[in-house]
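Inspection log for the structure reproduced underneath, given as structure tokens.
Where a number appears in this text, it was derived from the coordinates with a stated rule and is not lab data. Computed from a predicted structure; not experimentally measured. Every residue, glycine as well, gets a Cβ built from its backbone with ideal geometry; the counts of neighbours run over all protein chains shown.
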């Protein structure tokens with residue numbers, strides 16, 4: 001048999017990497033195979049963009065198609081029922097039951113209907129006993145009844161006074177609770193987050209729910225959704241040392257708030273802003289004014305409805321650091337959706353919660 005005597009010697013003196021080219025060929029082959037699958041079956045990670053600003057500005061919210069089209073389980077589990085049109089001469093709840101301080105102008109049928117719905121919205125497992133003391137429904141000894149009464153008033157107030165933010169869908173108890181006793185997305189004061197550090201550094205570089213696990217300041221919700229401090233971004237000047245509202249620390253706190261907003265609504269900056277000019281109110285989207293009104297609404301309900309309930313709560317319902325009452329913010333209602341529950345109508349079937357006083361049935 002003919003044999004190349006020179007080949008073994010040449011191979012030893014000129015070694016070649018045969019594995020490298022094989023890996024390259026394999027990777028390229030796999031890439032071509034995956035590309036062929038995507039072309040044939042479609043991209044499993046397709047995105048869709050909703051334009052929020054003028055054409056050509058790049059202002060849009062990008063979502064994965066599968067996530068955007070996925071059914072919302074909270075919508076599927078929502079209970080609603082049309083009201084009973086009152087008939088002349090029907091007895092009112094305040095004439096039938098004792099100690100009805102809110103909703104007393106409802107007919108007995110609609111009062112019972114609403115109480116049943118609130119039970120399903122807030123305490124489906126515990127039932128009526130979550131707020132009432134045994135068979136003594138007139139008693140105020142259970143703290144949840146006192147809190148619930150105030151929450152009903154708050155819901156009426158929001159629908160009546162802040163229709164510019166919540167209309168046309170409106171809100172009811174399920175908007176926040178979603179079948180849970182305590183809504184997700186509530187918050188408590190956390191600052192200072194670092195007990196052994198003084199000054200500004202005590203408020204940042206520590207992951208909390210308030211700063212969405214970033215190194216940004218953790219007290220933005222306190223400063224902007226409880227206290228009514230001005231929300232500023234930056235100055236057009238290189239430095240503004242004499243303007244305390246434009247210091248870099250306040251800019252960081254503002255970005256912390258905006259990061260919280262974006263994550264709470266499942267959107268990005270361009271949902272409200274032209275990111276090329278955050279400072280220019282002439283270049284914002286209509287959603288900006290809705291968000292601004294929402295911020296004022298949250299400040300209002302936190303200070304007038306939620307914080308004053310502190311003494312009604314047991315210790316286990318108060319904040320872990322400052323023993324403060326639970327407070328609301330964007331995430332409490334929105335749950336990472338631009339419109340809570342996709343904008344589902346929450347008030348048409350529940351005119352009792354649309355405003356204080358006697359409801360208007362149509």
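Annotations
- Counting other Cβ atoms within 10 Å as a rough exposure proxy, the listed residues 341, 48 run 48, 341 from fewest neighbours to most.
- Gyration tensor (alpha-carbon) shape descriptor, the stretch 185-334, a/c threshold 1.5: oblate
- With Cα atoms, 0 to 90° folded angle of helix 286-301 axis to the chain main axis: 50
- Cα gyration tensor shape of the chain, rounded if a/c is under 1.5, else prolate or oblate by comparing a/b with b/c: prolate
- The residues 353, 226, when put in order of fewest to most other Cβ atoms within 10 Å, stand as 226, 353.
- Helix-only arithmetic for the chain: the sum of -39500 (n - 2.57) across DSSP H runs with n ≥ 4, divided by the residue total, places the mean residue ellipticity at 222 nm at -11000 deg cm²/dmol.
- Cα long-axis angle, helix 248-265 against the chain (0 to 90 degrees, to the nearest 10): 80
- For the stretch 143-163, the residues whose amide N sits under 19 Å from a probe point set 7 Å from the Cα of residue 355 along the beta carbon direction are 152-163.
- Gyration tensor (alpha-carbon) shape descriptor, the stretch 37-77, a/c threshold 1.5: oblate
- Nearest-ten-degree value, helix 19-41 long axis tilted from longest Cα axis of the chain: 40
- Only Cα pairs under 8 Å and 6+ residues apart enter the sum, and on that basis the relative contact order of the stretch 185-334 stands at 28 percent.
- The value of relative contact order for the chain, using C-alpha pairs under 8 Å at least six residues apart, is 20 percent.
- In this rough spin-label picture, where each label sits 7 Å from Cα along the Cβ direction, the residue 35-residue 323 distance is 6.7 nm.
- Difference of contour (0.36 nm per residue) and Cα-Cα distance, residue 126 to residue 181: 18.9 nm
- Paramagnetic reach from residue 80 (point 7 Å along Cα→Cβ, amide N under 12 Å) across the stretch 136-171: 168-171
- Arranged from fewest to most other beta-carbon atoms within 10 Å of their beta carbon, 254, 49 become 49, 254.
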